[in-house]
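Each value in this text was obtained by applying a stated rule to the coordinates, not by laboratory testing. All values reported here derive from a predicted model rather than from experimental measurement. Cβ placement follows ideal geometry from the backbone for every residue including glycine, while neighbour counts extend to all protein chains displayed.
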Amino acid sequence: MNTVNEPYYDYMMRRSREEDAKMAQDSALNKAKRSIWVTFRKEGIHLYPAAKDDPALATGGWDDVSFLGVAHRHIFHFKVQIQVTHNDRDIEFIQFKRWLERLYAEVDSSTAVLQLDHKSCEMIADELYLQINAKYPSRFVVIDVAEDGENGCQIVYP
């Protein structure tokens, strides 16, 4: 646009639009909800004890899942999202991921802070959230836990 001969009124309107656009952009950046996420995996054994005997589960038909009542192995896939308050490593995600992995680390079966045991994906997520909230209180958290990356849960903790 040729601004050399721009009439004063047009100049003021153009500058007003430019300032409005800049203010809208700044407002969007200031109001943005920020979070980071990490993923990790953990091998675990679990079972669903009720599946052996509950008639709704041990149906004998196409929908029979009584086999879930026997201990079986999974690779549990985790995705954990947590609120951050600024862009410059409020929570450094590699450190966050390593801390989460250590919660399940075990030298023997009694040393891990958290155990997968025979819990459902939802139970695992809730237990993990309690640890995260103790370290990072009052933050928005989303936890996904999946068996073998195939079926799982997502729980949003506002």
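Counting other C-beta atoms within 10 Å, and keeping those with at most 14, which DSSP coil chymotrypsin sites (Phe, Trp or Tyr not before Pro) do you find in region 95-158? Before the final figure, lay out each step's value.
Numbers: sites: Phe96, Trp99, Tyr104, Tyr129, Phe140; in loops: Tyr104, Phe140.
For chymotrypsin sites (Phe, Trp or Tyr not before Pro) across region 95-158 that sit outside H, G, I, E and B with at most 14 neighbouring Cβ atoms in 10 Å, the list reads Phe140.
Which one, Gly149, Ile94, Ala51, projects farthest toward the positive side of the charge dipole computed for the chain from Cβ point charges (K/R +1, D/E -1)?
Result: Ile94.
To the nearest 20 debye, what is the magnitude of the charge dipole of the chain about its Cα centre, counting +1 on the Cβ of each Lys and Arg and -1 on the Cβ of each Asp and Glu? Walk me through the intermediate numbers first.
Numbers: 19 positive and 25 negative charges, 137 e Å.
For the chain, the charge dipole is close to 660 debye.
Taking θ as phi - 60°, what are the ³J(HN,Hα) couplings along region 75-83 by the Karplus curve (6.51, -1.76, 1.60), each to the nearest whole Hz, with x for Gly and Pro?
9, 7, 9, 10, 10, 10, 10, 9, 5
Using the Karplus curve 6.51 cos²θ - 1.76 cosθ + 1.60 with θ = phi - 60°, what ³J(HN,Hα) values do you get for each residue of region 34-50, in whole Hz, with x for Gly and Pro?
Per-residue couplings from phi come out as 10, 7, 10, 9, 9, 10, 7, 10, 8, 6, x, 10, 8, 8, 10, x, 5 Hz.
What list of ³J(HN,Hα) values in whole Hz, one per residue of region 113-121 in order, does the Karplus curve 6.51 cos²θ - 1.76 cosθ + 1.60 (θ = phi - 60°) give from phi, with Gly and Pro shown as x?
5, 10, 10, 6, 6, 10, 7, 6, 4
In Å, what Rg and Dmax follow from the Cα atoms of the chain?
For the chain, the Cα-based Rg and Dmax read 25.2, 87 Å.
Of Gln81, Gln95, Gln25, which has the largest mean-square fluctuation in a 10 Å C-alpha GNM of the chain?
Gln25
Ranking request for peptides 27-33, 73-79, 56-62, 112-118: highest mean number of other beta-carbon atoms within 10 Å first, then the rest in descending order. Walk me through the intermediate numbers first.
Working: 27-33: 8.3, 73-79: 17.0, 56-62: 10.6, 112-118: 15.0.
Top of the packing list down: 73-79, 112-118, 56-62, 27-33.
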